[in-house]
1. Just the residues that are surrounded by 12 or more Cβ atoms within 10 Å (Cβ to Cβ) and part of a helix (DSSP H, G or I), please, taken from the range 86-103.
2. For residues that are over 14 Å from residue 35 (Cα atoms) and part of a loop (DSSP other than H, G, I, E, B), scanning just the range 1-15, find the one that is nearest to the chain's Cα centre (by Cα).
3. Within the range 15-63, restricting attention to residues that are touching a helix residue (DSSP H, G or I) at 6+ places or on another chain (Cβ under 6 Å) and within 11 Å of residue 4 (Cβ to Cβ), which residue is surrounded by the most Cβ atoms within 10 Å (Cβ to Cβ)?
4. Taking the conditions exactly as written (within 30 Å of residue 32 (Cβ to Cβ), out of contact with any strand residue (DSSP E or B) (no Cβ under 9 Å at 6 or more places or on another chain) and in a helix (DSSP H, G or I)), does residue 106 satisfy them or not?
5. Looking at residue 75, is it without any contact (Cβ under 8 Å) to a residue 24 or more places away in the chain and either under 20 Å from the mean Cα position of the chain (by Cα) or surrounded by 10 or more Cβ atoms within 10 Å (Cβ to Cβ) (or both)?
């Protein structure tokens with residue numbers, strides 16, 4: 001995994017062809033890159049992100065931001081109810097409670 005300007009690239013190996021290839025994983029737009037060495041894949045990743053940003057600027061469009069801080073979560077009704085009750089018992093909004101729970105889990109790894 002690599003990061004550049006907030007964009008995260010995931011790399012895989014195609015051992016049949018002998019190349020490294022990757023894609024930016026934290027946006028819906030498709031941004032890909034490839035190379036034959038670590039140096040080449042790192043350079044290709046940065047160039048792909050820069051090309052994407054330049055393409056958006058040329059079209060006078062805002063590039064997709066890696067994370068907005070918002071996401072839609074669909075839960076089974078019973079899990080939603082239980083989470084809501086736990087949040088209320090802690091005097092928190094459901095959003096704050098879920099954020100705390102996720103942070104706790106991610107910090108424990």
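1. 86, 87, 88, 94, 96, 97, 98, 99, 100, 101
2. Among those residues, the one meeting the criterion is 6.
3. Among them, the one singled out is 33.
4. yes
5. yes
Where a number appears in this text, it was derived from the coordinates with a stated rule and is not lab data. What you see is a predicted model, and the numbers here were worked out from it, not measured in a lab. Note that we place each Cβ from the backbone using ideal geometry, even for glycine, and neighbour counts take in every protein chain shown.
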